[in-house]
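A quick write-up on the structure given underneath.
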Amino acid sequence: MTDSASAQSLDTAIVAALPEGAKVVSVTRHGNTRWSTGKRIDVEVGGGTKSYFVKIIEVNEYLEAARGEFEGAKAIAAVIPDNTIAPIAWGYFAGDRTKTWYLTEFRHLSEATPPFDQLLAIVLKLHRGSASPNGRFGFHVTPFQGAPPMVVDWSDNWEEFWTRDFRAALAYLERVHGANAELEEVAEEFIGTVVPRLLRPLQTGGRDIKPSLCHGDLFDGNIQIDLDSGNPVIFDPCPFYGHAEMDLQCMRRARYAVGYEFVKLYGKAAASEPKEDFDDRNALYTIRNDILTAGMFPNRTFVLDEAIEDMRWLLAKYPDGIGGFKGDLTPTRTVTGGGQVHVDGLKGLGLY
């Protein structure tokens, strides 16, 4: 249904981002999200018509998500322009910094899942064709995976980077659900035992990983097909430069249409060394996604149960932690920190 008043009252900051001379003829509610309001804008310009999509955010703690999505979409479009939706602009409402917006061209999308071999080529192109601007893990603005912000301060050390963000995910979950003694106990043991065992070997013994541009929220809802071009497109990113395998964190569970078969295809094509740890690293990354999902959707208690179960499973598999790794652990390059980032480091972010 067209919002008849919105065509006249569309914020002037958004109108200013449209092509010069564009006349707004209709504004229609479009899309479904808990964190923002999506609208289709139809305009007359240059003797024809064009359509745009604007995402409007009115919740104070999510306002910066517009900037994060813009910067992420811009970075992704520079690598895979045919397989994403390029951004146009973002900003605050004119005279009202309690609302932000993010603008793109409107695309007619199908929720059909693209063939996995076609999707694999796109994801590999994104990971292999991108490079961190400073050679480090992180991002220059704060990205949001749905509601929660990601902690993306620059780091040379992937174990440190991931642990810091995982603790932020746990803090977000606690804000929503309250304290959980069982989770706190198993998570601390998991961070101290399993995380170094699975992540430290990536940057030791002559092994290393390139900080690749990750979409960051690559589940099937953000993977669709452009009906006009026929190309698969990925959109709505939570961007960061990190270990490429992190982009598989939304694919292990049966609830996702782009699922475990895709994980295995990616592993055959591009698993990092040590390759024998690939599947367990995927389980570790999946646990982070489960923690965030359990926070965003509190009624899905089974998601948190799965995360705790998998933490216990990995703890049983790696009881000796990094001490059980038989390979060389000499640092491959100079890194800082050891991944043990605690609650005090998150207080300034308002996460604890």
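Counting just the residues of the stretch 11-37 that are under 26 Å from the mean Cα position of the chain (by Cα) and β-branched (Val, Ile, Thr), which one comes out nearest to PRO149 (Cα to Cα)? Checking each candidate, the answer is THR33. The stretch 194-254 holds strands (runs of 3 or more DSSP E) entirely within its bounds, and those carrying 3 or more residues that are within 26 Å of ARG34 (Cβ to Cβ) map to 223-226, 232-234. Can you confirm whether ARG40 is under 19 Å from PHE144 (Cβ atoms), basic (Lys, Arg), touching a residue at least 24 places away in the same chain (Cβ under 8 Å) and not assigned by TED's automatic domain parsing to the domain that holds GLY259? So ARG40 fails the test.
Only one of the listed residues (VAL123, VAL186, VAL152) is modelled with pLDDT of 95 or more, assigned to a helix (DSSP H, G or I) and either in contact with a strand residue (DSSP E or B) (Cβ under 9 Å, 6 or more places away or on another chain) or of a type in the set (Phe, Trp, Tyr) (or both). That residue is VAL123. Among residues of the stretch 53-78 being part of a strand (DSSP E or B) and in contact with a helix residue (DSSP H, G or I) (Cβ under 9 Å, 6 or more places away or on another chain), the one that is surrounded by the most Cβ atoms within 10 Å (Cβ to Cβ) is VAL54.
When we screen GLY95, GLY129, GLY138, GLY91 for residues that are free of Cβ contacts under 8 Å to residues at least 40 places away in the same chain and either surrounded by fewer than 21 Cβ atoms within 10 Å (Cβ to Cβ) or touching a Cys at 6+ places or on another chain (Cβ under 7 Å) (or both), the only hit is GLY95.
Among the candidates GLU58, GLU64, GLU20, the residue that is among the acidic types (Asp, Glu) and modelled with pLDDT of 95 or more is uniquely GLU64.
Can you tell me which residue among ILE85, ILE80 is of a type in the set (Val, Ile, Thr), modelled with pLDDT of 95 or more and either in contact with a strand residue (DSSP E or B) (Cβ under 6 Å, 6 or more places away or on another chain) or over 21 Å from ASP226 (Cβ atoms) (or both)? On inspection, the qualifying residue turns out to be ILE85.
Under the condition of being in a loop (DSSP other than H, G, I, E, B) and among the hydrophobic types (A, V, I, L, M, F, W, C), the residues counted in the stretch 79-118 number 7. For the stretch 186-213, filtered to residues that are surrounded by fewer than 20 Cβ atoms within 10 Å (Cβ to Cβ) and among the small types (Gly, Ala, Ser), the residue that is nearest to the chain's Cα centre (by Cα) is GLY192.
The values are calculated or read from the model by the stated rules, or taken from the named source; none is laboratory data. Since the model is a prediction, treat every value here as computed from it, not as a measurement. FYI the Cβ positions are ideal-geometry reconstructions off the backbone, even for glycines, and counts take in every protein chain you see.
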